[in-house]
Amino acid sequence: MALEVRVMVATPKTVRQSPLKVDPETDQLISQGAHFLGLTKKDLVAEAVRVYLEQRREDLRVGMVEALQVLDGSLKADVMLLTGLTTEEIDAVGGIDE
């Protein structure tokens, strides 16, 4: 099942529709919820995502901080990101000459 959600990209004039693929059970929940709330499926999904991300704001912040700490522009940071290894694990196998 495909559900189309509008996504704003780069310029305010450009609106692109992106299909959102969900399993049949989830699509049924979306359809029923939208029907009984008097919303379109797109509006229900958009509102649900906004609410969910607002509730998980701290988790998002922690994830962004962790990503920024890894992406410091060094070769070691690149290796950590690509391999999932920690600084200590890289150093334990000989480290990286930068």
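The values are calculated or read from the model by the stated rules, or taken from the named source; none is laboratory data. If you're wondering where the values come from, they're calculated on a predicted model, not measured in any experiment. Surface accessibility is based on the protein's heavy atoms, side chains included, excluding ligands, DNA and RNA. Shrake-Rupley method; radii C 1.70, N 1.55, O 1.52, S 1.80 Å.
Per-residue 3J(HN,Hα) values for segment 19-36, derived from phi via the Karplus relation 6.51 cos²θ - 1.76 cosθ + 1.60 with θ = phi - 60°, read x, 10, 8, 10, 6, x, 5, 5, 4, 5, 4, 4, 4, 5, x, 4, 4, 6 Hz in sequence order (x marks Gly and Pro).
Across the chain, Cα pairs under 8 Å and at least six residues apart give a relative contact order of 15 percent.
Across segment 57-64, coupling constants 3J(HN,Hα) worked out from phi with the 6.51/-1.76/1.60 Karplus curve, θ = phi - 60°, read 3, 5, 4, 4, 4, 4, x, 5 Hz, and Gly and Pro carry x.
Coupling constants for segment 77-82 follow from the phi torsions by the Karplus curve (6.51 cos²θ - 1.76 cosθ + 1.60, θ = phi - 60°), and in residue order they are 4, 4, 5, 4, 5, 6 Hz; glycine and proline get x.
Amide H contacts under 5 Å for residue 20: 3, 4, 5, restricted to partners 5 or more places along the chain or on a different chain, H placed in the peptide plane at 1.01 Å from N. Surface composition of segment 39-83: carbon plus sulfur atoms hold 63% of the accessible area, using a 1.4 angstrom probe and ignoring ligands, DNA and RNA. For a straight C-alpha distance cut-off of 14 angstrom, the aspartates and glutamates reachable from residue 42 (same-chain residues fewer than eight places away being disregarded) are 4, 27.
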